[in-house]
Amino acid sequence: MNELADDTPIFRIYNIFDLINTLSTNSIRLSQVCRMEDPNELFGIYFRIARSMSPPFDAEHLDQSQREFRSAQSHHYMTCWTRVPQNIAVWSLYSPTRDAIQVRTTYGNLRRAMFAHFQAWPYAHAYKLQPNDQTDLFLPPAVGPVKYIDFEQAYSKIRRQLLEYNKEKEKWFLKNGGPEIEDIGEKWLQADGQIKASVFSEPLLSGPLLKDIRYQHEQEVRFVLQLQRRDGRTKDEYEAHPMAGLDHPARPPKIEDCPPNVFVPFAATELDDFQVDGRIESYKFEAISNALGRFGVDVKLNSAFHPFAI
């Protein structure tokens, strides 16, 4: 997955309401992932969850991973852009009423805004807050071009890997006795490393910058924030924890406490090249021109759907 140059132009198709909100508040809206239409949005983090959970790796483990993934969707927030300005497939998807507006900025502009927001409200602030404080804090953002993989194949692969690991573990214990055997712990740790190296020999991609290959026409550039809150421990309870210093007193919020959107400060002056869906009716184009003109914005028609002159 290649990092983009800061001056790489990126584009987003807005409805008029979102765009006016962005221009008037100087902020970019990041949507809660669980509210998006695609139920598998951000499925790349499922692979990380499944691989990071403790054994046994069995059917219940996979079901628990699914539950963890659905929960994680509620405290991840995202805004999605594209590198292709004349993408008819993207226009068709994000301008269903044929009156949306495409805007342009650069990858560097939005990347800096995301990291500035994180640095203003980092999860490390949790140390200074009282237990259960509701201040929104964030982990470092995930930003960059999306890598497209076949989620169906990847899901089948991780199921095979996890179930194979569990079988190999059972075979080892049958062959080498049970927990009553002296030094079984040390022997198992060594064997476990060898089994994992064999079963998981091919690394499985994971993370928030993965998307299903069926969406590769979007050529997406993604910006993701993960919401954190102060947990319920007192300072004394936190410091008494054996992992104090490695652990931190920030945790994902409960699903019911997650807001539907997160707004990241972003200067409207960093947006330009406003283009309206070329299929729009003339009176709507005039209305949008007048509305955006109040913000000093000039609009033109996008050429994706323009008929060729004959």
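The values are calculated or read from the model by the stated rules, or taken from the named source; none is laboratory data. The shown structure was predicted, so the numbers you read here are calculated from the model rather than taken from an experiment. Every residue, glycine as well, gets a Cβ built from its backbone with ideal geometry; the counts of neighbours run over all protein chains shown.
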Would a scan of region 147-162 turn up a residue that is surrounded by 12 or more Cβ atoms within 10 Å (Cβ to Cβ), at pLDDT 90 or above, closer than 27 Å to Asp18 by Cβ and touching a strand residue (DSSP E or B) at 6+ places or on another chain (Cβ under 8 Å)?
yes
Quick one: is Gln134 more than 30 Å from Phe305 (Cβ to Cβ), modelled with pLDDT of 90 or more and not in a helix (DSSP H, G or I)?
yes
Considering every residue within region 186-207, establish whether at least one is assigned to a loop (DSSP other than H, G, I, E, B) and at pLDDT 85 or above.
yes
Out of curiosity, is Glu286 exposed (fewer than 10 other Cβ atoms within 10 Å of the Cβ) and of a type outside the set (Lys, Arg)?
no
Residue pairs meeting the criteria (Cβ under 6 Å; at least 6 apart or on separate chains; first surrounded by 15 or more Cβ atoms within 10 Å (Cβ to Cβ), in region 289-308; second modelled with pLDDT under 95 and of a type in the set (A, V, I, L, M, F, W, C))
Ala304/Ile88; Ala304/Trp91
For residues that are part of a strand (DSSP E or B) and β-branched (Val, Ile, Thr), scanning just region 78-88, find the one that is modelled with the highest pLDDT.
Thr79
Where residues in region 110-126 are aliphatic (A, V, I, L, M) and surrounded by fewer than 17 Cβ atoms within 10 Å (Cβ to Cβ), which of them is farthest from Asn26 (Cα to Cα)?
Ala124
Top-ranked residue in region 20-77 [being part of a helix (DSSP H, G or I), surrounded by 15 or more Cβ atoms within 10 Å (Cβ to Cβ) and among the β-branched types (Val, Ile, Thr); ranked as modelled with the lowest pLDDT]:
Ile49
How many residues, within region 89-124, are over 20 Å from Phe274 (Cα atoms) and either assigned to a helix (DSSP H, G or I) or polar (S, T, N, Q) (or both)?
12
State which residue pairs qualify: first residue without any contact (Cβ under 8 Å) to a residue 24 or more places away in the chain and inside region 240-260, second residue surrounded by 11 or more Cβ atoms within 10 Å (Cβ to Cβ) and of a type in the set (Phe, Trp, Tyr) in any location, beta carbons under 8 Å apart, and separation of 6 or more residues or different chains.
Ala244/Tyr238; Asp247/Tyr238
